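Just so you know, all these numbers are worked out from the coordinates, no wet-lab data involved. Computed from a prediction, not measured in an experiment: that's the story for all the values here. Neighbour counts run over all protein chains shown; Cβ positions are idealised from the backbone, glycine included.
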Amino acid sequence: MNNLKNKRVLITCGPTWVPIDDMRVISNKSTGTLGHIVAGLLEKKSANVTLLEGPVTRNFVARTTVIKKFHFYDEFLVLFKKELKKKYDVIIHAAAVSDYRLKKEHSQKISSRHEKLTLDLVPTEKLIYKIKKLNPKTLLVGFKLETEMTKAVALEKTEGLFTKAHCDYVIANSSIDKSYKAYLIDKDKNFLAHEKTRKSIIEKLIEELNKAL
């Protein structure tokens with residue numbers, strides 16, 4: 001049975017930039033691959049998918065997915081909050097959202113002649129904590145990326161995603177030297193899958209979502 005057919009799904013993917021000055025940004029290594037895999041597999045399940053896509057290395061080629069682009073954290077913030085006012089059956093928050101931003105960004109390019117440059121960073125808003133407040137009935141999937149991943153690390157590092165963000169599922173993953181490892185965990189701290197490719201862990205996630213809907 002395909003319970004995902006016609007279900008409304010919101011996916012976020014890719015990095016978010018934060019400006020240093022009008023030429024430079026702080027970013028991360030996210031490619032958006034996981035979000036693209038999710039969107040592609042959900043298209044095959046005939047779900048109604050909306051993808052918020054950051055500045056990825058390769059854009060997602062959609063058949064039915066509605067794609068909304070952003071580059072900077074502030075752009076993502078506006079777009080994401082607007083989407084959260086709508087009702088989604090599933091929200092899969094795979095974007096690598098910037099954890100820090102400059103306390104005060106420079107309006108013009110900083111000279112490269114400085115022998116030393118100090119950037120004053122402050123934390124950004126934890127958007128995942130707002131999702132269930134605005135969409136309490138949605139199935140929420142979060143992600144936790146760490147340098148190394150074991151079951152013990154997965155349980156420790158995902159704690160806040162379950163207790164504060166109230167995620168229904170979390171994918172705890174790591175990628176070192178092209179070696180990928182991921183665990184799928186539910187809100188009761190059950191390990192539902194342990195996979196070594198992005199596609200296989202997403203396939204397991206979709207199986208669980210299909211059962212839960």
- Ranked list, fewest to most other Cβ atoms within 10 Å of each Cβ, for 33, 158, 163: 163, 33, 158
- Message: For the ranges 44-53, 178-187, what's the packing order if you count other beta-carbon atoms within 10 Å of each residue, average per peptide, and put the highest first?
- Response: 44-53, 178-187
- Item | Using θ = phi - 60° and Karplus 6.51 cos²θ - 1.76 cosθ + 1.60, couplings along the range 152-169 (whole Hz; Gly, Pro as x) | 5, 5, 4, 5, 5, 7, 8, 3, x, 5, 8, 7, 9, 8, 6, 4, 8, 9
- Task: Relative to the longest principal axis of the C-alpha atoms of the chain, give the angle of the C-alpha long axis of helix 33-44, reported between 0 and 90° and rounded to the nearest 10°.
- Result: 30 degrees
- So how far apart, in nm, are the two label points at residue 119 and residue 152 if each is 7 Å from Cα heading toward Cβ? 3.4 nm
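Excluding residue 172 itself, calculate the net charge of residues whose Cβ lies under 10 Å from the Cβ of residue 172, where each Lys or Arg counts +1 and each Asp or Glu counts -1.
Summing Lys/Arg as +1 and Asp/Glu as -1 gives +2.
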- Cross-chain or 8 or more residues apart, Cα under 26 Å: how many lysine pairs in the range 92-134 fit that? Count them up, please. 6
- Task: Could you tell me which of rounded, prolate or oblate describes the range 89-213, using a ≥ b ≥ c as the square roots of the eigenvalues of the alpha-carbon gyration tensor, with rounded for a/c under 1.5 and, failing that, prolate when a/b is larger than b/c and oblate otherwise?
- Result: prolate
- Expressed as a whole number of Å, what is the distance separating the alpha-carbon centroids of the range 125-174 and the range 1-60? 17 Å
- Task: Go ahead and estimate [θ] at 222 nm for the chain from helices alone: -39,500 (n - 2.57) per DSSP H run with n ≥ 4, summed, over the residue count, rounded to 500.
- Result: -8000 deg cm²/dmol
- Item | Given (1) 11.2; (2) 16.0; (3) 12.7, the label whose value is mean projected area of the Cα convex hull in nm² derived from this model | (3)
- Item | In order through the range 84-93: 3J(HN,Hα) via Karplus (6.51 cos²θ - 1.76 cosθ + 1.60), integer Hz, x for Gly, Pro | 5, 6, 8, 9, 10, 6, 9, 10, 10, 9
- Along Cα→Cβ, 7 Å out, is where each label goes; now give me the distance between the ones at residue 77 and residue 112 in nm to one decimal. 3.0 nm
- Highest GNM mean-square fluctuation, the chain, Cα pairs closer than 10 Å: which of 92, 67, 176? 176
- Query: What residues from the range 6-47 fall in the zone where the backbone N is under 15 Å from a label point 7 Å along the Cα-to-C-beta line of residue 105?
  - Reply: 16-28
- Using the 10 angstrom Cβ neighbour count as an exposure proxy, how do 83, 159 rank, fewest first? 159, 83
- Query: Which aspartates and glutamates, on any chain, are close to residue 45 with Cα under 15 Å apart, when same-chain ones fewer than 8 places away are left out?
  - Reply: 89, 203, 207, 208
- Query: Where nothing but the Cβ of Lys and Arg (+1) and of Asp and Glu (-1) is charged, how large is the charge dipole of the chain around its Cα centre, in debye to the nearest 20?
  - Reply: 600 debye
- Item | Highest-MSF residue in the chain out of 141, 61, 97 [GNM, Cα springs under 10 Å] | 61
- Task: Give me 101, 58 ranked fewest to most by other Cβ atoms within 10 Å of their Cβ, as a rough exposure proxy.
- Result: 58, 101
- Message: Quick check: pseudo-label points 7 Å beyond the Cα along Cα→Cβ at residue 196 and residue 63, how many nm apart are they?
- Response: 3.0 nm
- Message: Show me the ranking of peptides 198-209, 111-122 by mean Cβ neighbours inside 10 Å, starting with the highest.
- Response: 198-209, 111-122
